[in-house]
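The values are calculated or read from the model by the stated rules, or taken from the named source; none is laboratory data. Since we're looking at a predicted model, the values are computed, not measured. So basically every Cβ, Gly included, is an ideal-geometry build from the backbone, and we count neighbours across all protein chains shown.
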Amino acid sequence: MSVQPRPGGSLTPAVWQRVRDGVGPDGAAVAEVATQERGALGAHRVAETRSALASRVLGAGPLDPWLAEPGVTDIAVNGDGRIWVDRGHGMEWVGERLDADDARGLAVRLAGIAGRRLDEASPWVDGQLPSGARLHAMLPPLVDGGPHITIRVPSGDRVSLTELCGRAMMPPEWEPVLRAVVARRLAFVVSGGTGAGKTTLLAALLGCSDPVERLLVVEDVRELTVDHPHLVRLEARPANVEGAGEVTLTTLVRQALRMRPDRIVVGEVRGAEVRELLAALNTGHEGGCGTVHANAPADVVARFEALGALAGLSPDAVRAQLAAAIDVVVHVTRDRGGRRVASVAALFRRDGNPCIVPALEWDGPGQEPRCGPAWPALAGRLGLESEPLRPTVMARPALPPPPSPPTARTPATTPPTASALPTPSAPPPNPASPPTAPAAPPIPASIGEAS
């Protein structure tokens with residue numbers, strides 16, 4: 001009996017039919033191809049072949065080992081083919097390279113897996129892989145050398161605030177403060193640079209929301225991993241090759257307002273959607289939040305003004321809405337010591353303009369956290385006692401006392417405790433003690449109150 005040879009050697013007619021029909025590979029098809037070689041390779045080699053084929057056809061190929069490595073947050077392939085990874089302490093070259101053809105084939109295939117197109121007509125792509133990783137790829141000549149691939153690897157675990165404290169991302173004393181910000185439904189933004197941990201912190205904060213609340217999360221590309229039972233996700237869609245079908249964040253924020261939200265969350269405020277977000281926070285939608293790129297808390301106002309210009313808003317209009325919309329700014333930063341929450345600031349309204357004043361500050365592990373001038377007002381708004389934090393959270397040194405006698409001092413908006421008021425016969429106040437009323441500008445009793 002003669003055996004009819006199969007086209008292409010080991011591929012079965014069923015596999016070839018899938019190719020002719022334009023059906024992409026899946027795990028079952030890859031396993032079928034590998035199983036055809038059982039007689040020649042043996043069971044052990046078939047398992048290895050199946051794994052290698054799946055990685056090359058379904059996964060990220062040569063990048064798979066780092067995608068699966070715990071602690072890796074970013075993977076990059078540069079134009080020279082070098083592979084770099086970030087394990088939380090900056091980018092490191094792993095000592096391996098991809099040639100230009102392999103890098104291009106990998107970029108095109110990953111774009112297809114993400115449901116996007118990558119070629120000369122559409123030379124860059126921004127999408128999400130099935131694993132949740134965020135893909136960006138760009139082809140030459142827009143970039144030097146060969147294709148550039150960047151993959152942001154999301155954390156597979158839902159991280160809580162307690163776990164972030166255990167990782168030294170913030171002082172443990174700050175956890176009840178941030179939980180109270182969420183519980184009191186204050187509107188807040190998490191600011192910081194790229195890769196500083198904004199999304200991680202925002203997800204942990206949203207996990208503190210009341211389980212009965214309905215969270216509407218709007219993102220350009222899905223990144224937030226939130227541990228909450230009632231989460232509704234909306235994801236933007238880019239235009240197709242013909243330039244049609246685009247759904248922007250602006251449209252999604254507008255639609256979210258009609259979906260009975262208890263909280264509206266914008267994963268990253270980066271464009272004209274800032275107009276709809278500010279409008280929502282000024283019309284009764286409490287507890288809204290999001291992230292924004294900024295180098296420092298004081299730069300958040302300027303950042304919102306720049307984004308508002310994209311929506312056709314004047315700086316005065318942005319400042320007026322921002323002063324009434326946002327209560328707290330949580331700033332994260334990244335240095336050689338890792339990612340950390342550098343400060344918690346309160347936003348006050350002064351003469352109709354937003355003013356961001358630090359309430360809590362921290363320079364990183366090994367340093368004592370400090371109370372800023374806005375801490376008493378923020379603690380009062382959150383229903384927290386300001387004194388319990390003070391033995392562990394160091395206050396800023398007090399400013400020199402005014403020339404008038406202590407008894408003639410003007411009382412502060414937030415009355416200091418009796419122990420904090422010096423008497424004429426008492427020794428000078430300890431520089432490490434919380435500043436008394438003349439040591440800092442007057443702070444409103446509640447956030448948002450005009451001073």
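Taking the listed residues 298, 342, 359, 346, the one that is over 30 Å from residue 89 (Cβ atoms) and either aliphatic (A, V, I, L, M) or not in a loop (DSSP other than H, G, I, E, B) (or both) is 346, with no other qualifying.
Here the helices (runs of 4 or more DSSP H) wholly within region 18-117 that include at least 2 residues being over 25 Å from the mean Cα position of the chain (by Cα) and at pLDDT 90 or above are 100-113. For region 329-361, residues that are under 24 Å from residue 86 (Cα atoms) and of a type in the set (Lys, Arg) total 4.
Could you look through region 192-242, keep only residues that are polar (S, T, N, Q) and crowded, with 16+ Cβ neighbours inside 10 Å, and pick out the one that is modelled with the lowest pLDDT?
225
Checking each residue in region 291-316 for being in contact with a Lys or Arg (Cβ under 9 Å, 6 or more places away or on another chain) and small (Gly, Ala, Ser) picks out 294, 308, 311, 312. Here the condition is being free of Cβ contacts under 8 Å to residues at least 60 places away in the same chain, hydrophobic (A, V, I, L, M, F, W, C) and out of contact with any Cys (no Cβ under 6 Å at 6 or more places or on another chain); of 206, 231, 202, 186, it holds for 231 alone. Considering region 135-153, the residues that are in contact (Cβ under 8 Å) with a residue 40 or more places away in the chain and surrounded by fewer than 20 Cβ atoms within 10 Å (Cβ to Cβ) include one that is nearest to residue 71 (Cα to Cα), namely 150.
Table: residues versus (1) assigned to a loop (DSSP other than H, G, I, E, B); (2) among the aliphatic types (A, V, I, L, M).
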site: 168; (1), (2): yes, yes
site: 181; (1), (2): no, yes
site: 196; (1), (2): yes, yes
site: 200; (1), (2): no, no
site: 216; (1), (2): no, yes
site: 234; (1), (2): no, yes
site: 244; (1), (2): yes, yes
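Assessment of region 85-101 against the conditions (touching a Pro at 6+ places or on another chain (Cβ under 8 Å), surrounded by fewer than 19 Cβ atoms within 10 Å (Cβ to Cβ) and under 16 Å from residue 142 (Cα atoms)) yields at least one matching residue. For region 295-330, the tally of residues that are more than 21 Å from the chain's Cα centre (by Cα) and over 24 Å from residue 341 (Cβ atoms) stands at 14. Number of residues in region 89-129 that are in contact with a strand residue (DSSP E or B) (Cβ under 7 Å, 6 or more places away or on another chain) and of a type in the set (Gly, Ala, Ser): the value is 6. Of all residues in region 127-173, those satisfying the criterion of being within 30 Å of residue 337 (Cα to Cα) and touching a Pro at 6+ places or on another chain (Cβ under 7 Å) are 132, 133, 137, 165, 168, 171, 173. Can you find a residue in region 67-82 that is β-branched (Val, Ile, Thr) and touching an Asp or Glu at 6+ places or on another chain (Cβ under 6 Å)? Looking through region 67-82, at least one residue is β-branched (Val, Ile, Thr) and touching an Asp or Glu at 6+ places or on another chain (Cβ under 6 Å). Across region 127-166, the number of residues qualifying as within 26 Å of residue 228 (Cα to Cα) and either modelled with pLDDT under 85 or over 16 Å from the mean Cα position of the chain (by Cα) (or both) comes to 15. Among the residues of region 280-294, at least one is more than 18 Å from residue 323 (Cβ to Cβ), of a type outside the set (Phe, Trp, Tyr) and under 17 Å from the mean Cα position of the chain (by Cα). If we keep just the residues of region 310-339 that are part of a strand (DSSP E or B) and either of a type in the set (Lys, Arg) or outside the structural domain of residue 193 (by TED's automatic domain parsing) (or both), which is farthest from residue 194 (Cα to Cα)? Here the residue is 339.
Of the residues making up region 209-244, those that are within 25 Å of residue 186 (Cβ to Cβ) and among the aliphatic types (A, V, I, L, M) are 212, 215, 216, 217, 218, 224, 226, 231, 232, 234. In summary, residue 349 fulfils each of the numbered conditions (1) surrounded by fewer than 23 Cβ atoms within 10 Å (Cβ to Cβ); (2) within 20 Å of the chain's Cα centre (by Cα) with the single exception of condition (2).
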